[in-house]
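Following: one structure in structure tokens, then a few remarks.
The values are calculated or read from the model by the stated rules, or taken from the named source; none is laboratory data. Keep in mind that this is a model prediction, so the values were computed, not measured. Please note: Cβ atoms are built from the backbone with ideal geometry, for glycine as well, and neighbour counts cover all protein chains shown.
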Amino acid sequence: MTDAELTIPSARSWRMPSLSVQIFIGLILGGVFGWAFPAIALHGELLKDIFLNLIKMMVGPLVFASIVQGIAGGGDLKRVGRIGLKSIIYFEVITTIALLVGLVFANVIRPGQHVALHATAAVSGVPAGKPQTVAEMVLHAVPTSVFDALARGDVLQIVTFSVIFAIALSLAGKAGEPILKFTEGLTQVMFKFAGLVMLFAPLGVAGAMAFTIAKNGTGILLSLGALVGTVYLAFIAFLALVLGSVMLIFRIPVMPFLRAVKEPCLVAFGTTNSESALPKAFQAMERFGVPKGIVGFVLPTGYTFNLDGAAVYLTVAILFISQAAANVTGVTLTWWQQILMVLTLMVTSKGVAAVPRAAIVVLVAALHTFGLPLEGAALLIGIDAILDMGRSAVNVFGNCLASVVVAKWEGEFDQDQALSAYGPQPLFKST
């Protein structure tokens, strides 16, 4: 063995940790700092907001360029229709199952059975607003101005404009080739942009975690620990049993996929924001072997139609409030009412893409519909950030998997590329 060979392991041991490790370290250090120095840690929200603003700055151009390049570059408009139909079918099936998973866990564990919820005259902290109806959601999907949609970061409206623009570009033939080349270049630039922004991710995640712990403290986790535990157990069961089964049915390589989604999910978990992980998810899924056109369409639309984490949370939260209120009133939701609740949430949970604190807004609307006290929503606002960490991570995981499923369904998934990029590496390489 030469001297050079002896020095290589030492050099590698001092290499900068991967982004996943840096983000995880940021989560831990941020949580500890928020617990130890809450007064200072409250300023950590600034770091979180800077990071989220950097992400929002690039989401619009990235979604636009990716969709246009994927659709117009392929030139097959029938393929676009197939992808859209298959995506919507998959989204509806999976989110319905997610609602049912939450329903089962809430009924089995009964997290609200030891909480007494008394109705009061005034309820503070509950956000106003209501989910959109189907008609309102369809109307909202069509922007009056693409520049306004880009400025507000409205992903659904950007997707609508991008798809129509890409179809028109395909029909334009040679006249549209310069624009197609521009979008190809724009995509590559935005991925480089994302790489620069992600350098700030560990610091942004640390600030977000420090602020969350400093603001809410650990005491609230103890007082509502049964609800937090039930929601996270339901998340784990949904990921392992439902999405795990999907991976087995569609023969998706499990460990390589988990490696691919690790960083986007950590970013979403740390920032409590699914959108913050979108650029990294784009890169990861393309590298995993999903065609650019499918990634560009499925991931953005999934932010409106495939909120798996939010679906699991909503049924658990509503039944928690029902159980807590029943300790005072003695009135509980019947099984028929619970099934009706699931059917209602199948629609209302899809209509909140542009509503701030969307899960809480849907929750308030559901409580009103079924005659449950709105005080329950005010109670949950205190721990919403803790629950939103899991919600956001599950949303990102589910949307990434959806892009792979649709690619498999279309027969366009490159498994060799997935294994090459994220497959198991040998412990020792031959020289």
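Residue under question is residue 185, and the condition is that it be surrounded by fewer than 20 Cβ atoms within 10 Å (Cβ to Cβ) and either more than 29 Å from the chain's Cα centre (by Cα) or touching a residue at least 40 places away in the same chain (Cβ under 8 Å) (or both); does it hold? Don't jump to the end; show me each part of the working.
Numbers: surrounded by fewer than 20 Cβ atoms within 10 Å (Cβ to Cβ): yes; either more than 29 Å from the chain's Cα centre (by Cα) or touching a residue at least 40 places away in the same chain (Cβ under 8 Å) (or both): no.
Criteria not met by residue 185.
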With 234, 268, 281 as the choices, which residue is aliphatic (A, V, I, L, M), modelled with pLDDT of 95 or more, buried (at least 24 other Cβ atoms within 10 Å of the Cβ) and in contact with a helix residue (DSSP H, G or I) (Cβ under 9 Å, 6 or more places away or on another chain)?
234
Out of everything in segment 104-136 that is assigned to a helix (DSSP H, G or I) and either aliphatic (A, V, I, L, M) or more than 22 Å from residue 308 (Cβ to Cβ) (or both), what residue ends up being modelled with the lowest pLDDT?
134
Verdict on residue 151 being among the hydrophobic types (A, V, I, L, M, F, W, C), assigned to a helix (DSSP H, G or I), surrounded by fewer than 20 Cβ atoms within 10 Å (Cβ to Cβ) and modelled with pLDDT of 60 or more
yes
Taking segment 44-83, which residues are without any contact (Cβ under 8 Å) to a residue 40 or more places away in the chain and either over 19 Å from residue 282 (Cβ atoms) or not in a helix (DSSP H, G or I) (or both)?
49, 76, 78, 81
Subset tally (residues that are modelled with pLDDT under 70, on the phi < 0 side of the Ramachandran plot and assigned to a loop (DSSP other than H, G, I, E, B)) for segment 350-386
8
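Yes/no matrix, rows are residues, columns are (1) modelled with pLDDT of 85 or more; (2) surrounded by fewer than 15 Cβ atoms within 10 Å (Cβ to Cβ); (3) closer than 25 Å to residue 272 by Cβ:
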position: 45; (1), (2), (3): no, no, yes
position: 55; (1), (2), (3): no, no, yes
position: 62; (1), (2), (3): no, no, yes
position: 68; (1), (2), (3): no, no, no
position: 72; (1), (2), (3): no, no, no
position: 88; (1), (2), (3): yes, yes, no
position: 91; (1), (2), (3): yes, no, yes
position: 102; (1), (2), (3): yes, no, yes
For segment 32-46, what are the residues that are farther than 10 Å from residue 209 by Cβ and either β-branched (Val, Ile, Thr) or under 24 Å from the mean Cα position of the chain (by Cα) (or both)?
40, 45, 46
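Please return the ranges of helices (runs of 4 or more DSSP H) entirely within segment 213-315 where 1 or more residues are within 12 Å of the chain's Cα centre (by Cα). Don't jump to the end; show me each part of the working.
Details: elements: 219-223, 225-237, 244-249, 254-271, 278-287, 292-305.
Because the criterion is at least 1 residues that are within 12 Å of the chain's Cα centre (by Cα), the helices (runs of 4 or more DSSP H) in segment 213-315 that meet it are 254-271, 278-287, 292-305.
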